[in-house]
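Q: Below you'll find the structure I mean.
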Amino acid sequence: MSPRDAADLWPLLEWAKFEALPVTLLGAGTNLLISDRGVPGLVISTRRLRHLKIDPETGLMTVGAGEPLPKVAWQAAEQGCQGFEWAVGIPGTIGGAVVMNAGAHGGCAADF
Ligand SMILES: Cc1cc2nc3c(=O)[nH]c(=O)nc-3n(C[C@H](O)[C@H](O)[C@H](O)COP(=O)(O)OP(=O)(O)OC[C@H]3O[C@@H](n4cnc5c(N)ncnc54)[C@H](O)[C@@H]3O)c2cc1C
C-alpha cells in the first residue's frame, strides 16, 4: 500500500491493528534486500507521503517521511540553511534516513 497522506494512512494502520497484522514501513528500498518469501503482514511504502516546509525564520524543517533525502538537502541549501549538506548524495527517503541514522562526510541524521 502506498498512502498519499495521513488520512489514507490511518485506516490502514487501524485495519492492521484490528487484524493483528505486523506492519512494515518501507522508504525507497535503498537499504533493503527482501526475501523471495516476501514480508509478512501489511507493507506500507512511504514514497507518496511527501511534503516539505522550511521555516525561514527558525530553519525548522517539516518533512514527509517519503521525501527524497537529496531533494531535502538541496532545498535546505537553496533556502540558506546550513548543516544538511552531508545528505545530498545519499539515496533514500527522510524516513529511511532517520531509522537508519544515515550519514556521510562527518554528518548524520541523529545530529539533526
Ligand atoms: C548507492 C548507495 C549509496 C548509499 N550511501 C549511503 C551513505 O553514504 N550513507 C548512509 O548512511 N547510507 C547510504 N546508503 C544506504 C541507504 O541509502 C540509507 O540507509 C537510506 O537512509 C535508506 O533510506 P530508504 O528510504 O531507502 O530506506 P529503506 O531501504 O526503504 O528502509 C531501511 C529500513 O528503514 C525502515 N524504514 C524506512 N522508512 C521508514 C519509516 N518512514 N518509518 C519506519 N521505518 C522505516 C525500513 O523498514 C527498513 O528497515 C546508500 C545506499 C546506496 C544504494
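Q: Run the helix sum for the chain: -39,500 (n - 2.57) per DSSP H stretch of 4+ residues, divided by residue count, reported at 222 nm to the nearest 500 deg cm²/dmol. Walk me through the numbers on the way to the answer.
A: Numbers: 3 runs with 30 residues, N = 112.
Dividing the helical sum by the residues of the chain leaves -8000 deg cm²/dmol.
Q: Which whole-number percent is the relative contact order of the chain (Cα, under 8 Å, 6+ apart)? Present the calculation step by step, with values, prior to reporting the outcome.
A: Working: 175 pairs, mean separation 24.3, N = 112.
That works out to 22 percent.
Q: Counting DSSP beta bridges in the chain, what percent are antiparallel, to the nearest 5?
A: Numbers: 6 of 10 bridges.
About 60 percent, rounded to the nearest 5.
Q: By how many nm would the segment from A20 to W74 grow when fully extended, if each residue of separation counts as 0.36 nm and the alpha-carbon distance is taken off?
A: Working: separation 54, 0.36 × 54 = 19.44 nm, distance 4.02 nm.
Full-extension gain reported as 15.4 nm.
Q: Any idea what % of Cα-Cα pairs in the chain are farther than 20 Å? Walk me through the numbers on the way to the answer.
A: Numbers: 2874 of 6216 pairs.
Result: 46 percent of Cα pairs exceed 20 Å.
Q: Name the residue, out of V88, V99, V43, whose mean-square fluctuation peaks in a Gaussian network model built on the chain with Cα pairs under 10 Å.
A: Between V88, V99, V43, it is V99 that shows the largest mean-square fluctuation.
The numbers here are math on the coordinates, done by the rules we state, and not lab data. Not measured: the values here are computed from a predicted model.
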